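Notes for the one structure printed next.
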Amino acid sequence: MMATSSAWRFRPSRLDNIEQLENYRQGGFHPVSIGDVFCSGRYRILHKLGFGGFSTVWLARDKQRDRLVSLKIITAEDSNSCNELRILQHLKQNAKGHPGCDHTLSLLDHFTIEGPNGCHTCLVSPLGGPDLSQICMYHNPDRSAARRRLRGALARKFARQVTLAVEYLHSRGVAHGDVSNSNVLIQLAHVESWADREVYELLGSPVTDKVRLFSGELNNMASAPEYVVETANLSNLESIWFTDKIVLIDFSHSFMLQSPPPEDIAMTMSYCAPEVYFEGQASVWSDIWALGCTIFEIRAGRQLFESFLGGSFEVIRQIVRTLGKLPEPCAMLTSMSMENPKEDSRLVMFLQSIR
């Protein structure tokens with residue numbers, strides 16, 4: 001059921017591709033505006049690259065080295081024990097001797113900032129291009145199936161590179177935890193030559209919308225920015241700026257293989273292995289399942305298991321139709337929580353109906 005306006009602080013924005021405004025609160029996002037500078041003036045914000053449930057990502061100018069970088073600012077709550085930073089530092093210490101290293105996100109710098117919503121960890125990495133999901137069916141519904149697909153040779157090259165990246169992580173004792181096409185970026189060429197003026201010529205000027213409260217204007221409310229910024233569409237760049245190399249990003253759900261997370265993980269549903277649905281545990285094997293789904297999507301131009309309405313039942317039904325019957329439901333439900341018996345009984349009946 002939709003919440004009434006009294007349950008929300010911020011009025012909905014006219015922009016679609018933005019972060020959840022209600023997360024501008026204590027422990028949440030850090031308010032950022034175009035032109036802000038961080039780390040003693042070293043990094044200056046030029047544009048918006050993306051967002052998630054735990055961070056916002058910005059295009060910044062590294063003034064010390066005169067280069068463009070990606071600056072990820074993590075929520076204050078998740079900065080207290082920043083798993084992503086620990087994983088990236090571990091990989092940086094073991095970065096040589098494997099071809100998959102070239103296709104895995106590298107950490108250039110990190111620092112912390114104090115803001116009105118708390119202390120935030122900031123991760124600096126090389127600027128990447130658009131993610132592979134932007135060329136697939138659900139992002140380009142007007143394109144024919146043939147035109148949605150990458151050329152065969154390029155698709156095979158990308159599939160090999162993402163496989164090398166996952167193999168590299170596993171060889172270093174790390175599981176990615178959220179392998180998907182949205183976390184695979186096409187690497188860009190010659191971006192180090194872009195001046196600030198060229199950034200706006202190529203990506204367009206930042207599109208903004210003023211932030212408003214249901215109770216009125218912000219009145220210098222410190223926890224939220226004066227305006228939100230729409231994510232730049234890097235897929236609109238001309239092909240001359242793209243390389244034939246990819247990079248696997250986003251290690252917010254990653255973990256060391258010898259110490260998997262004890263709680264349920266937040267994987268993208270269409271890439272989620274059956275044991276993650278029923279047992280709530282990720283492993284090297286769930287990484288490999290997600291990798292297989294990703295490779296299929298790279299070549300076919302569509303997801304292998306699509307979740308149009310976002311429900312797990314829908315994905316499970318497609319898995320059964322594609323791969324055959326699941327094991328007996330009772331065996332799979334032994335480790336499930338019975339905090340919601342009504343929901344669990346619905347799942348049992350569903351599994352029985354598709355056996």
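Taking the residues in the range 19-62 that are touching a residue at least 12 places away in the same chain (Cβ under 8 Å) and hydroxyl-bearing (Ser, Thr, Tyr) as candidates, determine which candidate is surrounded by the most Cβ atoms within 10 Å (Cβ to Cβ).
For the range 19-62, the residue satisfying everything is Thr56.
Matching residues to (1) in contact with a strand residue (DSSP E or B) (Cβ under 6 Å, 6 or more places away or on another chain); (2) farther than 25 Å from Gln26 by Cβ:
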{"residue": "Lys48", "(1), (2)": "yes, no"}
{"residue": "Val57", "(1), (2)": "yes, no"}
{"residue": "Ile74", "(1), (2)": "yes, no"}
{"residue": "Lys92", "(1), (2)": "no, yes"}
{"residue": "Phe111", "(1), (2)": "yes, no"}
{"residue": "Pro116", "(1), (2)": "no, no"}
{"residue": "Gly128", "(1), (2)": "yes, yes"}
{"residue": "Asp131", "(1), (2)": "yes, yes"}
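Output the number of the condition that Leu202 fails; it satisfies all remaining conditions of (1) surrounded by 14 or more Cβ atoms within 10 Å (Cβ to Cβ); (2) without any contact (Cβ under 8 Å) to a residue 40 or more places away in the chain; (3) more than 25 Å from Arg67 (Cβ to Cβ).
Failed condition: (3).
Return the residues of the range 114-144 that are at pLDDT 95 or above, among the hydroxyl-bearing types (Ser, Thr, Tyr) and either over 19 Å from Trp241 (Cβ atoms) or part of a loop (DSSP other than H, G, I, E, B) (or both); say none if nothing qualifies.
Thr121
Scan the range 11-66 residue by residue and report those that are of a type in the set (Ser, Thr, Tyr) and either within 19 Å of Val211 (Cβ to Cβ) or in contact with a Leu (Cβ under 8 Å, 6 or more places away or on another chain) (or both).
Hits for the range 11-66 are Ser13, Tyr24, Ser33, Tyr43, Ser55, Thr56.
Conditions first: (1) in contact with a helix residue (DSSP H, G or I) (Cβ under 8 Å, 6 or more places away or on another chain); (2) among the polar types (S, T, N, Q); (3) modelled with pLDDT under 95. Gln161 passes all but one, so which condition is the exception?
So the condition that Gln161 fails would be (3).
Select from the range 199-227 the residues that are closer than 20 Å to Ala7 by Cβ and not charged (D, E, K, R) and list them in ascending order.
Val211, Leu213, Phe214, Ser215, Gly216, Leu218, Met221, Ser223, Ala224, listed by residue number.
Among the numbered criteria (1) more than 18 Å from Leu185 (Cβ to Cβ); (2) in contact (Cβ under 8 Å) with a residue 12 or more places away in the chain, which one does Lys96 miss?
(2)
The values are calculated or read from the model by the stated rules, or taken from the named source; none is laboratory data. Everything quoted here is computed from the prediction, not taken from an experiment. Glycine gets a Cβ as well: all are built from the backbone with ideal geometry, and neighbour counts include every protein chain shown.
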